[in-house]
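Structure first, then comments.
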Amino acid sequence: MKISRVYATGESRRREHPSRDALQTLDTHGVCRVTVETADGLVGNGSIDFGRLDAAPAVLAHLINDELAPEVVGQDPFMIRAVRDRLWQVTDYHGTAGLALLGIAGVDVALWDLVGKAVGQPVWRLLGARRDRVPTYAMVGWLNYGLDELKRICTRAMEQGFRGVKIKVGAPTLEEDVRRIEATRSAIGTSGLIMVDANQVFSLAEALRRGRVYQELGCFWLEEPLRADDVDGLARLAAELTIPIASGENNFGKRQFRQLFERRAVDVVQPDIRRAGGVTECLEIGLMADAFEIPYASHGGGVHLHVLAALPNTLYMESGLLRDDSPVRLVDGCFPLPETPGFGPSA
Ligand SMILES: [Mg+2]
C-alpha cells in the first residue's frame, strides 16, 4: 500500500462571540484540513484548528502542500513513525517546533485515520487500549464572562454529566479571581472539580501568591501559571505549592516534555495534539510521563480521545460543552469510545 496524494486546505472566519483568557482574545474560527489518499482509494483525514490569526490555516496548508506532502507521497501509510521522523528532519532548517509541527501533526492524524480505515478498526484499538471510556471535564469559564453567565454555563456543564469545570484566572486582581472561583463553587456544589487556568501570564512571585489562595479554595489544579518554557519556574512552583501544577499545551515535541518530567516541573502534563506533534508524539509523551508517575490530561479533545484510551496514566480529557444536537452522551462522567473505523466523527 502506497500513499498517492497528500493535500491541505485552509479557511477561517471571524467569531461572532470572541472568547478571552488572561493572555489573548480568541476571535477566529480557523481550520486547516489535511487529506491523505492511497492509490487503492483509501482516504485519511486530519484537521488543525486555530483560535486566532486569520491567515494561519492558509499558511499551514501552503507549508503542508509544498514542503511536507512531497516527502510523504510514495510511502507506506503504516510506516507512521518513519514519516514522522522524515518530516522532522525536512523541517529542521527553519525550525520544526512551531507551525511546521502543526503540519506534521495534521499528516500524522490523517495517517492514523487512514490505517484505522484500512483495517476497519477505531484507532484506540490499534494503539492498544487501556480503558473503554475516558473521564472528562469541561472548559467553560472564559474570562470575558460575568459572574452570572459563568455560573449558568458551569451549571450547564454539570447537568451534562462532566466531572468538573475549568475556569480562566489571571484577572487584573486576585480578588476578582477569588470571586470567580467562589461563584463557580456556588454553582456546581462541593462534589465537582474546579480547575483554574492562567494561560502563562504570572511572574513566579505572583504565581506563588495566587497559587496559595487557589489551593486554599480547593481548586483541583493550577494550569499554565508561567510561560511554557520556564522550566525552572514551574519546578519551583511544583515544589512549593501543594496544588498540582499543570502545563504542556504550549510545548512542542517530546524532547521539550522530557525536560518538564526530568525537572519535576509539572504534576499533570497537558499535551496539545497539534503543538505536541500528533497522535504518535502524544502517545510517546504520555508513555514517557507514565514512567515518571506523572498523570496525563489532554489539552482539548477530538482525536485525543483515542490516545487517552490507550495511556495507562490518563487523568482527564478536556472538552467544551456538548452541543444540544451532539449524538454523544457522557456515561458516569466519561466519554465512551467510538466503534467507527479510524477516528470516526472526531477526526
Ligand atoms: Mg489551558
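Residue pairs whose Cβ atoms lie under 9 Å apart, sitting 6 or more positions apart in sequence or on different chains, and linking a residue in region 221-237 that is assigned by TED's automatic domain parsing to the domain that holds SER247 to a partner that is in a strand (DSSP E or B) and aromatic (Phe, Trp, Tyr), do not occur here.
For VAL115, state whether it is over 22 Å from ASP272 (Cβ atoms), outside the structural domain of LEU322 (by TED's automatic domain parsing) and not aromatic (Phe, Trp, Tyr). Here the answer is yes, as VAL115 does meet what is asked. GLY161 falls short on exactly one of the conditions (1) touching an Asp or Glu at 6+ places or on another chain (Cβ under 6 Å); (2) at positive phi; (3) of a type outside the set (Asp, Glu), and that condition is (1). Among the residues examined, PRO57 does not qualify as surrounded by fewer than 15 Cβ atoms within 10 Å (Cβ to Cβ) and either outside the structural domain of GLY278 (by TED's automatic domain parsing) or closer than 17 Å to ILE273 by Cβ (or both).
The residue that is surrounded by the most Cβ atoms within 10 Å (Cβ to Cβ), counting only those in region 140-194 that are within 16 Å of the ligand (Cβ to nearest atom) and charged (D, E, K, R), is LYS166. For LEU234, the conditions (1) surrounded by fewer than 22 Cβ atoms within 10 Å (Cβ to Cβ); (2) more than 17 Å from the chain's Cα centre (by Cα) are fulfilled apart from (1).
Among the residues that make up region 196-206, is at least one of them assigned by TED's automatic domain parsing to the domain that holds ILE273, part of a helix (DSSP H, G or I) and within 15 Å of the ligand (Cβ to nearest atom)? No, that holds for no residue.
Listed by first and then second residue, the pairs linking a residue in region 326-341 that is under 16 Å from LEU127 (Cα atoms) to a residue that is of a type in the set (A, V, I, L, M, F, W, C) and modelled with pLDDT of 95 or more, with Cβ atoms under 6 Å apart and 6 or more places separating them unless they lie on different chains, are LEU337/TRP124; LEU337/ALA309.
Out of the residues in region 308-322 meeting the condition of being within 16 Å of the ligand (Cβ to nearest atom) and in contact with a Gly (Cβ under 6 Å, 6 or more places away or on another chain), tell me which one is farthest from ALA291 (Cα to Cα). The selected residue is SER319. Per this entry, GLY333 is not counted among residues that are over 24 Å from GLY211 (Cα atoms) and in contact with an Asp or Glu (Cβ under 8 Å, 6 or more places away or on another chain).
In summary, helices (runs of 4 or more DSSP H) completely within region 223-307 and bearing 1 or more residues that are more than 16 Å from the ligand (Cβ to nearest atom) occur at 231-240, 254-262, 279-291. Applying the selection to region 251-260, what residues are without any contact (Cβ under 8 Å) to a residue 60 or more places away in the chain and either among the acidic types (Asp, Glu) or crowded, with 19+ Cβ neighbours inside 10 Å (or both)? Correct list: ASN251, LYS254, PHE257, LEU260. Inclusion of VAL307 among residues that are of a type in the set (Val, Ile, Thr), closer than 21 Å to LEU99 by Cα and touching a residue at least 12 places away in the same chain (Cβ under 8 Å) is not warranted.
The values are calculated or read from the model by the stated rules, or taken from the named source; none is laboratory data. Values in this document were obtained by computation on a predicted structure and should not be read as measured data. Methodologically, a virtual Cβ is constructed for each residue, glycine included, from the backbone with ideal geometry; neighbour enumeration extends over all protein chains shown.
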